[in-house]
Structure formats: structure tokens, C-alpha cells
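The values are calculated or read from the model by the stated rules, or taken from the named source; none is laboratory data. Keep in mind it's a predicted model, so treat the numbers as computed, not measured. Here the Cβ is made from the backbone with ideal geometry for all residues, glycine too, and neighbour counts use every protein chain on show. Accessible surface is based on the protein model in full, side chains and every heavy atom, while ligands, DNA and RNA are left aside. Shrake-Rupley method; radii C 1.70, N 1.55, O 1.52, S 1.80 Å.
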Amino acid sequence: MVKGECAEQYSASSLLRKKTRSQDGIKIAKRRDDSGRLSVCSKLCYAIGGAPYQITGSALGFFLQIYLLDVAQLDPFYASIILFVGRAWDAVTDPTVGFLVSRSRWTRCGRMMPWILISTPFAVLTYFLIWYVPPVEQWKVLWYLIFYCLFQSLQTCFHVPYSALTMFISMDQKERDSATAYRMTVEVLGTVVGTAIQGQIVGGAIAPCLPGDLDVLDNSNTTLLGSDVNISHISLDETKRAYLIASAVICVMYVLCAAVLFLGVREQEECGRLKTEPMSFFEGMRMVMGYGPYVKLVMGFLFTSLAFMLLEGNFALFISYTMGFRNDFQNILLVIMLSGTLSIPFWQWFLTRFGKKTAVYIGITWAVPFMILIVCIESSLIVAYVVSVAAGVSVAAAFLLPWSMLPDVVDDFKVKNPDSSGHEAIFYSFYVFFTKFASGISLGISTLSLDFAGFVTRGCSQPDAVNLTLKVLVSAAPVVLIFLGLLIFKTYPIDEERRQGNRKLLQEMRDSNQDSDTELGSVV
């Protein structure tokens, strides 16, 4: 009788444990499903967080070179030193910040968010000081070098954690791709905003040019002949003031976007993540640089990004001097960015329908015929606008695709190395490192090339050698770099089939880890 009662009690207890375990499993599965989905509001808040990087980046990319040459009145050689050292320093800080982020402790507001929150006020201060012309002539070069490097470092403390945040807003690959599309749309819109604010405010106070030997003057030496540039009524002080106003507006937008990101996005700690000892900096570097798919992806985008950076950094000078549309360049730049913004939804649909590699081939090469066209025909404002619209479509693809494909590489690495964790920030930071280093090289080479060609600071016109150099920098060189990048992409191994397979394997790994946690909880 006692044995029967014990057996019944054991059977009831076993049944209760199984029922509890089943309920726990359902709850965990439900929680996992809920955590995988992102609301439209969350996606928008996440996307808005990417705007500061693009707003400031477009303003610096399109206008800093012409600002240093025509407003700060630096020698082209010193301007090239500032641009190259600043971007090179920025590139070096990326893997360093990525390593520090990967070793950061999890806090109540996450692991990435504290970096974003703390860096923001210092970043906006240094950005504002970049656009201030110090009164002491001999300190100008040092002034711009220090504050440009400081801003790039602080911007890195914002952008690297923000980029890695992609892996922590959702564990679902489709949701991450969708959030990335939202992000790219807002980021391209950010370049529109940055170009519009900087261009329209500064465009109303274009730096006055100084007639030189290339310009024909009348006897009073006050009227510029042989040129349609009419800027005699604008003083250099007014131009300086316009740059400061534009930078102040951008600083306010930077803070607002960072606040929306912090308040509207919840960073998730990945369930089922294995707890491992943090890796050293050199271990992380060896891990990243030794992973074939990542290296091929980065090298391919390195060349294509360098092509668009050359175009971006020199297009304002090309429009102003070679094409002769000094009073219209800010509007032409704005058209490029608007076209890019409107094209993002199309490219998101295209890559989901035809695959990401196909989108790379078509999207990046779309700009090539128009890059050739703009230097082969006579100066025409209508043609300049048509080329700008077409170039914007390709710029959109160049914006969207790297950030859409990086999570695929990180997922592929997780499948191949299931015992490794906490490496997301390192992958993202090294990608940003290479692209920023390429940007520094492009800006430095561009400005040095213009110096060797005989660029005339604040000149109303430029020698033929300068015009030829600008044509090479916005057409021939980018076209060659684009084709080199596409050749590398031919060897990139992660196609749609492999990407979907990785997605299923990762889901199975998470299910297995969660089941193990459930079993362990039931035993305890």
C-alpha cells in the first residue's frame, strides 16, 4: 500500500514537472517571438539615431575642403594634411573603440547606449569649433587639426556602438534587414538635411573670390569680366558667419536625434548567448582579418566607397570651377541626396526580390555612365541636374548595401564559431576603420593633386591643369575603383541560399540553448 502511494506521488510529481517544463518552454518561446518583432516606432527611433553621422558627414564631406581653401584661406598643402590626418586618426580610433565597446559591461540601459549618450555633448562642441576661423593666423592649421581629430574620435564613440546596435535590436534576421532599410532611408535623408542646411545657408553667402592673372579686369579693377560670378556684395566675414550658423543648426539636430535614439530604442541582450571570457585586442583583430567572407566584403566595399568618396569630396569644386556653376553647386548637391533618399525603398525591395549580390552589381554600376557623361560634354546646367538625379540612385545603393550585408557576415561567423561571443562591435568597427581610412586617403590625395596642379585659393577661375585634375577625380578614378570593387565581389561567398541556411541554423542554436536553460531551471 505504501509502495503504491509512493508510486502515485512520484508519478504525479513527474507529471507536474513535465507540465511546468512545457509551460516554461512555451513562455520562453513566446518571449523569444515577441523580442524578435520590432514596432514601426522602434525602427524609426533606431533609424533616426543614424542621422547625426550622415548630417555631419555630408556637411564635412561636401564643404570642408572648399571651406578650408576659400574661407579659412589655408594653403592647399596644409588643407590636405588636415584632411588626411583627421580621417586617418578617425580610422585608427574605430577598432580601438570597437574593442573597448566589446569589453563594456552590460548596464541597465544596455552596453552600446552609454557610449552614445556620453559622447554626444562633446561631439557637438568640437563640431561647432571646426567651422570657426580663429583670429590668429599662425594657429589656424593646428586649430583645425586638433578639433577635426577630436570630433572624429567622439563621432566614432557614437557611430561604432550605434552600428553594432543592429545586432541587438532584434535576433530576427528579417527584422534586422527591415530596420536597416529604415536606417538607410533616414541616413540618406540625413545627408539631404546636412547638404541642405549647409548648402542653403552657406550658398546665400558664398566666399568672395579674388581675381588673379586668369581673370580680365577693367580699369577700376572692381568688375570681373569673362566670368558670370557675381559675388562682390558678399564679404568674407558674412561667409564665416553663415558657416557658424549652419554648424549651430546641425549641432541642435545632432542632440535631438541622439535623444530620440536613447529614449525610443531598447537594446536587447541576446538570449542563449554563451558567456565567454572577453578576447584581447589582437585576438579580435586576428579573428576579424582571418575570416574570408568578411575580408572580401570589406575589400569590395572599400574600393566602391573610395570611388564615391572621391566624387563627394571634389564634386563641389568640380561644379564651381570646371563647370562654372559656382552659384548653383549647393542645389546640385541637394538633388543628388534627394534622389538617393527616394531610391532607398526601391533598393530594399530589389535586394529582397533578387538578392544582395545582384543589387551590388546593378546599383553600384548604375552611376558609371553618368560619371563619364558629365566630363565628356560641354557645361550644361540641365545635364548637371540629370546626372545628379542618376548619381543619387547609385549613392542610395552604396549607402544601403554595406550595412545590409554586414549582419549576414556576422551571422555566418556565428554559425562557423558557435563558441565565440561579443564580437559584433569588432566586426563593425573594423569595417568603419577601412572605409574611413580610405576616405582620408581620398581627401588627402585629392587636395595634394589640386595643389600640384596649381589650385588658386579663392580664385575666380582655375588653370586648365586644375580642371583636368578635377575631371579625373570625379570621373576616371571613381570608375576604375568601382570596377575593381565589383571584381572582388565576384568572390564573395554568402549568397541568398547560404544566408537563409545560416538563419535556420542560428534559430536552431538559440532554440537548443533556450531548451538547455529550461531543463536546467526545471532541475533546479
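Values computed for the structure shown
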{"quantity": "Qualifying trypsin sites (Lys or Arg not before Pro) in region 86-116, DSSP loop, other Cβ atoms within 10 Å at most 13", "calculated": "Arg105, Arg108"}
{"quantity": "Carbon/sulfur fraction of accessible area - region 280-493, other protein chains in place, 1.4 Å, %", "calculated": "72"}
{"quantity": "Pairwise label distance in nanometres, Thr352 with Lys174, each label 7 Å out on the Cα-Cβ vector", "calculated": "0.9"}
{"quantity": "1.4 Å probe accessible area per residue over region 357-431, in Å²", "calculated": "31"}
{"quantity": "Radius 9 Å from Cβ of Asp412, net charge of other residues (Lys, Arg +1; Asp, Glu -1)", "calculated": "+2"}
{"quantity": "Tensor-based shape of region 49-195 (alpha-carbon gyration tensor, a/c under 1.5 rounded, otherwise prolate or oblate)", "calculated": "prolate"}
{"quantity": "Dipole magnitude of region 280-493, debye to nearest 20 (Cβ charges: Lys/Arg +1, Asp/Glu -1, about Cα centre)", "calculated": "240"}
{"quantity": "Coordinate range along principal axes, alpha carbons of region 280-493, Å, largest first", "calculated": "62, 38, 25"}
{"quantity": "Asp75, Asp412, Asp237, Asp511, reordered so the largest accessible area comes first (probe 1.4 Å)", "calculated": "Asp237, Asp75, Asp511, Asp412"}
{"quantity": "Anisotropy class of region 304-405 from Cα gyration tensor, a/c 1.5 cut", "calculated": "prolate"}
{"quantity": "Vicinal HN-Hα couplings computed from phi for region 44-60 (Karplus, 6.51 cos²θ - 1.76 cosθ + 1.60; Hz; Gly/Pro x)", "calculated": "5, 5, 4, 5, 4, x, x, 5, x, 4, 7, 4, 5, x, 5, 5, 5"}
{"quantity": "Listed pairs Lys296/Lys471; Lys174/Lys490; Lys414/Lys504 exceeding 18 Å between Cα atoms", "calculated": "Lys296/Lys471; Lys174/Lys490"}
{"quantity": "Accessible-area ranking of Lys436, Lys296, Lys357, Lys490, largest first, probe 1.4 Å", "calculated": "Lys490, Lys296, Lys357, Lys436"}
